[in-house]
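A quick write-up on the structure given underneath.
The values are calculated or read from the model by the stated rules, or taken from the named source; none is laboratory data. Please read all numbers here as calculations on a predicted model, not as lab measurements. All Cβ positions, even for glycine, are placed from backbone atoms using ideal geometry, and neighbour counts span all protein chains on display.
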There are 2 protein chains.
Amino acid sequence: MDTDLVAEKTEQAAEVLAERNIDCWLTFCRETTEISEPNLPFLLGFDVVWPTAIVVSKTGRSAVVLGRHDAPNASELPHDVIPYDESLGEPLLELLREEDPDEIAVNYSRDDNTADGLTHGMFLRLRDILDGSDYEESLTSAEEVVSAVRGVKSPTERERVEQAVATTQELLGDVRERWDPDWMEADVADWLHARMDERDLGSAWSWDYCPTVHAGGESDIGHTLPGDRTLPAGEVLHVDFGVKQDGYSADMQRLWYRPSDEWPDPPADLDAAFADVRAAIEAGRERIEPGVPGHEVDTAARETLTDRGWPEYDHAFGHQVGRNAHDGGTLLGPRWDRYGTAPQGEIRAGEIYTVELGVETEWGYLGQEEMVAVTADGTEWLTDPQEELWRIGEETNES
Amino acid sequence: MDTDLVAEKTEQAAEVLAERNIDCWLTFCRETTEISEPNLPFLLGFDVVWPTAIVVSKTGRSAVVLGRHDAPNASELPHDVIPYDESLGEPLLELLREEDPDEIAVNYSRDDNTADGLTHGMFLRLRDILDGSDYEESLTSAEEVVSAVRGVKSPTERERVEQAVATTQELLGDVRERWDPDWMEADVADWLHARMDERDLGSAWSWDYCPTVHAGGESDIGHTLPGDRTLPAGEVLHVDFGVKQDGYSADMQRLWYRPSDEWPDPPADLDAAFADVRAAIEAGRERIEPGVPGHEVDTAARETLTDRGWPEYDHAFGHQVGRNAHDGGTLLGPRWDRYGTAPQGEIRAGEIYTVELGVETEWGYLGQEEMVAVTADGTEWLTDPQEELWRIGEETNES
């Protein structure tokens, strides 16, 4: 069990509550192998069966009310453990009476999925419990709490993301070594999946779509399954990939050019397109610093790309990475309806973001994605950024 | 992708809606690798990133509104595919106007977690979309829809559960073969986990707690991690285990007696306790038939056990099994607050249940759990029921 991680994040949560003067944060969930509560892994560290409430207070106290069968697992945690047999309602109310909060922040959010782990049925159940108590009007969204607690990585979390990045880079390097011109997109994916199975690694997003592989200019772009296409000589292999290791993820995109007889080096137009992608990513990255709203970063990258004559990319320039490849909170994205208020969030020191975009070319999709950590006045790279089109495949016969 | 399964279940859902005269069922979710929507695997068959709405109508029409990047994955499904770029709201409203429902059932439920995949934030978002339309008052709970669609297994689902049962029984048989008196509880778990990894099998519940292993009378009972206890001769090994295979689960408990020099056969009191457990399970099982409320089954088992002088078990007698080991819907449980209305649900033909209970003895926890499918007038076994205490271990030295 992740006892240290739970201790670090619980302490961080209490600090966030104290800073913002929010009395307490309540995470309420059940049967979490069926419907996961995004904050549970660092607030409790194990899945629960019966309805469970974790309360962190701005005073620094934390407690968990949980079914008696689940209770033995909580004994090493920094929380007061309050087991129940038949009903969670009364012990939870008693705990709240001890804390007597004006405001109880709970996990719902229109825009931030990581802050939206409270299901509507559980919300109604919680309201039933509070009905008639002093707290029936006290529920508010924990959006800002979750965003600060989940976004700003603790030392253990930072180490784990760095480990996931190192492993992902290692596996991508191995792909290049082992790649064969007969490999279809699906072979790249199968080879990575076999390495991940051997090492007990998870995928940063849906297994079947991680990696995403695009071989050359005729491949369909999007969240599509790796297909039966091989990489023609003179075109580009694109891989979007990240492992999940010890619960934390990486997310990066890499590009390799396969030399042909006619074009042992990439054509000048291809090099120029890659340079445009790099320049737009760099323009965005340079805007990242604490206090800047996410959408400004997206605009800097987006305008650099369109100024260079390319169409806009149809996604956000960057998202946070942590437990999940899409880790919620502030988004470095345009203010489109589907992103809600996430692009208006302000960047914080200690958060980890991707910076990514791409253009479609006749040689293939040129998508690049790096990862950065936010420092006091800018960023540092977590990935070793790809600064040129790498080569893949020794043979130069046209296929 | 599970195209056949999605087709079967979508057709079943339309039939359930028509029978109950509910106009349409709307499943609304996003980023489902972070927060899973329990019905998505058989309504869509893949995870989504952007907000996604799946609408099944009583007329038999089904449609999915989803982000353009996710859309290519849906092309083989029986659904109309409606991709969007920036916002789901308008295309969803247009779809609803075509169907013009009086009632839109959505996935929230106080008591049934499998019918509670709509998060509170997504519920608010949906209300925002419907605000000012003809449908702003149309949202209702899809509890009864989900319970009927998820509970009654389609042919593919039934096959998969049977496969998971067969694999689980095979692995439990192998445990008995390979078991060594030096094995700690954790060694049993490690051995099973290694076999599951080799065969790419998941666990029916949380990996670390599946199997649960109790070695002898001194082992702690509950949802605890397998520990460093070995099995003393003359005591009982208890294993609660199920694999998840092709998305469907098994859940069973098995018991083995380790002979000692003094007691090469189980003592008479141990045999009698096992017989009491069996009798209570059988009394419950005999009450199972379509139309019976779940709590009546629990009462039959519970009273048989207490009539024989044992304390009540502190859980439900049985739960449904399907995708998850705890599959929601009707529960064969007591009418305790923590189970909400689930024990009042009526049993349906085609559902699959566990029947389980146990007693604590000086030889160890005697827990037994079998699985049954509900027929038109009773049940059939899915497991090969354990009718006697099996033996484990050749040597008879006291440890």
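Data for the structure
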item: Tally of residues being within 8 Å of chain A (Cβ to nearest Cβ) and either under 15 Å from B:VAL146 (Cβ atoms) or free of Cβ contacts under 8 Å to residues at least 40 places away in the same chain (or both) across the range B:124-136; result: 2
item: Residues of the range B:123-154 classified as under 15 Å from the mean Cα position of the chain (by Cα) and either part of a helix (DSSP H, G or I) or surrounded by fewer than 18 Cβ atoms within 10 Å (Cβ to Cβ) (or both), total; result: 6
item: Breaking point among (1) modelled with pLDDT of 95 or more; (2) on the phi < 0 side of the Ramachandran plot, for B:GLY234; result: (2)
item: B:ASP298 being assigned to a helix (DSSP H, G or I), acidic (Asp, Glu) and under 30 Å from B:PRO155 (Cα atoms); result: yes
item: Strands (runs of 3 or more DSSP E) enclosed by the range B:339-398 - at least 2 residues per element that are crowded, with 23+ Cβ neighbours inside 10 Å; result: B:352-361, B:364-374
item: The one condition in (1) more than 10 Å from chain B (Cβ to nearest Cβ); (2) in contact (Cβ under 8 Å) with a residue 40 or more places away in the chain; (3) in a helix (DSSP H, G or I) that A:GLY173 fails to fulfil; result: (2)
item: Test result for B:GLY329, touching a residue at least 24 places away in the same chain (Cβ under 8 Å), outside the structural domain of B:LEU40 (by TED's automatic domain parsing), part of a loop (DSSP other than H, G, I, E, B) and not polar (S, T, N, Q); result: yes
item: Filtered residues of the range B:283-324 (kept if polar (S, T, N, Q) and either within 17 Å of B:TYR365 (Cα to Cα) or in contact (Cβ under 8 Å) with a residue 60 or more places away in the chain (or both)); result: B:THR306, B:GLN320, B:ASN324
item: Any hit, the range B:256-265, residues being crowded, with 23+ Cβ neighbours inside 10 Å and not assigned by TED's automatic domain parsing to the domain that holds B:PRO38; result: yes
item: Count of the range A:210-222 residues which are surrounded by fewer than 18 Cβ atoms within 10 Å (Cβ to Cβ) and either outside any loop (DSSP other than H, G, I, E, B) or away from chain B (no Cβ under 14 Å) (or both); result: 2
item: Selection count, the range A:231-255, where residues are over 30 Å from A:ARG150 (Cβ atoms) and touching a Gly at 6+ places or on another chain (Cβ under 8 Å); result: 7
item: Test result for A:GLU360, in contact (Cβ under 8 Å) with a residue 40 or more places away in the chain and within 19 Å of A:ALA250 (Cα to Cα); result: no
item: Criterion: within 19 Å of A:LEU225 (Cβ to Cβ) and surrounded by fewer than 19 Cβ atoms within 10 Å (Cβ to Cβ) - qualifying residue of A:ASP197, A:ASP180; result: A:ASP197
item: B:ALA166 at pLDDT 95 or above, of a type outside the set (D, E, K, R) and crowded, with 20+ Cβ neighbours inside 10 Å; result: no
item: Tally, over the range B:196-206, of residues that are touching a residue at least 12 places away in the same chain (Cβ under 8 Å) and not small (Gly, Ala, Ser); result: 4
item: Subset of the range B:348-376 [among the small types (Gly, Ala, Ser) and out of contact with any Leu (no Cβ under 6 Å at 6 or more places or on another chain)]; result: B:ALA349, B:GLY350, B:GLY364, B:GLY367, B:ALA376
item: Leading residue by the ranking (farthest from the other protein chains (Cβ to nearest Cβ)) among those in the range B:236-257 that are in a loop (DSSP other than H, G, I, E, B) and touching a Ser or Thr at 6+ places or on another chain (Cβ under 8 Å); result: B:ALA250
item: Any chance A:ALA166 is out of contact with any Asp or Glu (no Cβ under 7 Å at 6 or more places or on another chain) and of a type in the set (Gly, Ala, Ser); result: yes
item: Candidates A:ASP200, A:ASP190 - the one that is at pLDDT below 95 and under 24 Å from the mean Cα position of the chain (by Cα); result: A:ASP200
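Residue-by-condition table, conditions (1) β-branched (Val, Ile, Thr); (2) surrounded by fewer than 23 Cβ atoms within 10 Å (Cβ to Cβ); (3) touching a residue at least 12 places away in the same chain (Cβ under 8 Å):
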| position | (1), (2), (3) |
| --- | --- |
| B:ALA13 | no, no, yes |
| B:ARG30 | no, no, yes |
| B:SER36 | no, yes, yes |
| B:ASN39 | no, no, yes |
| B:GLY60 | no, yes, yes |
| B:GLY67 | no, yes, yes |
| B:SER75 | no, yes, no |
| B:ILE82 | yes, yes, yes |
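Quick grid of which residues meet (1) assigned to a loop (DSSP other than H, G, I, E, B); (2) free of Cβ contacts under 8 Å to residues at least 24 places away in the same chain:
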position: A:PRO181; (1), (2): yes, no
position: A:ALA194; (1), (2): no, yes
position: A:ASP208; (1), (2): no, yes
position: A:THR224; (1), (2): yes, yes
position: A:PRO259; (1), (2): yes, no
